[in-house]
């Protein structure tokens with residue numbers, strides 16, 4: 001039986017060749033290895049999911065257009081949940097993700113606990129877009145995402161359902177007051193324009 005050419009080499013040269021080959025092909029990079037480089041600084045944060053407290057890294061949304069909203073269950077603007085869900089349903093396949101952050105910062109209008117809030121959002125408005133744990137969104141104690149969005153020029157939320165539009169590059173495009181409805185022509189046009197960017 002003929003030996004493989006590799007086995008006909010002196011041991012020293014054979015080992016060197018094996019080492020060179022193993023360095024030349026290390027296989028495809030795993031998602032964990034590539035994610036940090038592809039994830040913009042704004043998204044390098046983790047928050048617990050509203051319904052079950054499971055940690056969620058925002059890097060999973062890298063390359064998406066994001067509409068970040070601070071929400072509340074007992075506010076005059078609460079029906080905007082329906083419009084936000086419609087926006088997410090309409091443009092989600094094109095790369096839009098709505099991220100909801102319940103907050104009790106304004107008027108004590110989000111007093112409940114996580115599961116209660118999650119049940120209310122789903123049962124009342126059919127919310128399926130990602131929702132995160134109740135948090136502080138304004139002032140010195142604002143969570144890191146809202147603090148950075150405010151610093152980037154979006155301003156701090158003045159009330160519930162303040163909105164930030166973030167491009168695929170992870171940079172703030174614009175912010176919208178609570179009175180701006182999710183189906184307002186200006187906001188929808190901005191979302192469409194952001195989705196058209198590579």
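The values are calculated or read from the model by the stated rules, or taken from the named source; none is laboratory data. Not measured: the values here are computed from a predicted model. Virtual Cβ from ideal backbone geometry, glycine too; neighbours counted across all protein chains shown.
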Tally, over region 128-175, of residues that are under 21 Å from residue 108 (Cβ atoms) and assigned to a loop (DSSP other than H, G, I, E, B): 18
Run residue 85 past the list (1) surrounded by fewer than 18 Cβ atoms within 10 Å (Cβ to Cβ); (2) assigned to a helix (DSSP H, G or I) and report the number of the one that doesn't hold. (1)
Residue check, residue 171 under 20 Å from residue 39 (Cα atoms) and modelled with pLDDT of 95 or more: yes
Look at region 170-198 and say how many of its residues are within 17 Å of the chain's Cα centre (by Cα) and surrounded by 15 or more Cβ atoms within 10 Å (Cβ to Cβ). 8
On the basis of being surrounded by 10 or more Cβ atoms within 10 Å (Cβ to Cβ) and at pLDDT 50 or above, does residue 21 make the cut? no
What residue, of 100, 112, is buried (at least 19 other Cβ atoms within 10 Å of the Cβ), within 19 Å of residue 143 (Cα to Cα) and in contact with a strand residue (DSSP E or B) (Cβ under 9 Å, 6 or more places away or on another chain)? 100
